[in-house]
Amino acid sequence: MKSITTKLRSFLRHLHVAGRTSRDLSTAVIGPTLNALEGIPSALRAADVTKVLQVTRRDRTPIGRRDYAILALLSDYGMRAGEITSLRLEDIDWKGSRLHIRHSKTGATSELPLLRVPGDAILDYLREGRPETALREVFLRSRAPYRAFRCGSTLYTPIRRRLAAAEISPPGRKGPHAFRHARAVSLLRSSVSLKVIGDVLGHRSLDSTAAYLKLATEDLRVVPPRIFELLPSKSLRRCCHEILTP
């Protein structure tokens with residue numbers, strides 16, 4: 001409903017600017033009120049992440065090697081899809097075991113340790129799956145003419161395909177971002193500080209990282225429900241009620 005009212009306002013505003021209506025009718029359209037951070041982001045369970053990695057790893061075709069390397073980056077670093085598609089060969093420091101990530105949303109750059117599993121997966125793809133080309137992007141499309149992925153959204157199709165192959169159908173998002181959320185949950189449950197989680201995920205503000213606290217639903221269920229009745233905001237109480245309901 002929020003989306004429909006927003007589009008309707010835009011259309012009515014256009015009619016007024018174009019002279020088709022004598023007054024701006026967009027102000028008459030009333031939409032629902034959505035509170036910031038009201039919803040709970042969707043995330044894969046740890047068991048689902050493990051399963052999709054195992055199933056994809058068994059595919060030893062060039063596409064399978066590429067998709068496994070992408071999934072390894074998603075699950076271990078929680079990278080955004082755009083950060084993976086823009087990853088270049090020079091961003092991987094093999095001698096220093098470092099990975100340079102250009103965060104597509106903030107424009108910042110992070111330098112993180114090159115973990116063994118994604119490092120080995122990328123190396124396997126470069127040796128056995130990546131086409132011979134002068135392109136500098138790490139991950140390429142599998143069919144000629146070989147080229148880099150246009151943007152992060154182009155990863156949604158291969159990711160959904162791998163989830164389907166593993167017979168995993170998570171609620172909500174079924175793309176790369178579900179792995180990012182799952183990584184946030186795993187770090188939270190490992191008692192990693194919000195500051196460190198924000199650094200790994202490439203957040204500029206702790207407020208962005210704090211939103212992931214809502215993902216630890218199993219941990220919140222052990223809190224007595226009466227505690228949440230003390231919350232001042234009705235939307236927060238409703239959100240916590242949804243969390244506590246299996």
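Toward the positive end of the charge dipole of segment 50-115, about the Cα centre and with charges on Cβ (Lys, Arg +1; Asp, Glu -1), which of THR56, THR106, TYR77 goes farthest?
So the residue furthest toward the plus end is THR56.
For the cross-link pairs LYS2/LYS51; LYS95/LYS174; LYS95/LYS195; LYS7/LYS174; LYS105/LYS174, which exceed 30 Å when the distance is taken from alpha carbon to alpha carbon?
Over 30 Å Cα-Cα: LYS2/LYS51; LYS95/LYS174.
Return MET79, MET1 ranked ascending by Cβ neighbour count within 10 Å, so the fewest neighbours appear first.
MET1, MET79
Rounded, prolate or oblate: which fits segment 46-176 when a ≥ b ≥ c are the square roots of the eigenvalues of the alpha-carbon gyration tensor, with rounded for a/c under 1.5 and prolate only if a/b beats b/c?
Rounded, since a/c falls under 1.5.
Can you grab the distance from the C-alpha centre of segment 137-185 to the C-alpha centre of segment 103-134, Å, no decimals?
Using only Cα atoms to place each centre, the spacing works out to 15 Å.
Would you calculate the separation in nanometres between label points at VAL29 and ARG127, each defined as 7 Å from the Cα along the Cα-to-beta-carbon direction?
In this crude spin-label approximation the distance works out to 5.7 nm.
Give me ASP93, ASP48 sorted ascending by neighbouring Cβ count inside 10 Å, so fewest comes first.
ASP93, ASP48
Using θ = phi - 60° and the Karplus curve 6.51 cos²θ - 1.76 cosθ + 1.60, what whole-Hz ³J(HN,Hα) does each residue of segment 196-201 get, with Gly and Pro shown as x?
Ordered by residue, 3J(HN,Hα) equals 5, 4, x, 5, 5, 7 Hz.
Every number here is computed from the coordinates shown, using simple stated rules; none is lab data. Predicted model, so just to flag it, every value in this text is computed and none were measured. Neighbour counts run over all protein chains shown; Cβ positions are idealised from the backbone, glycine included.
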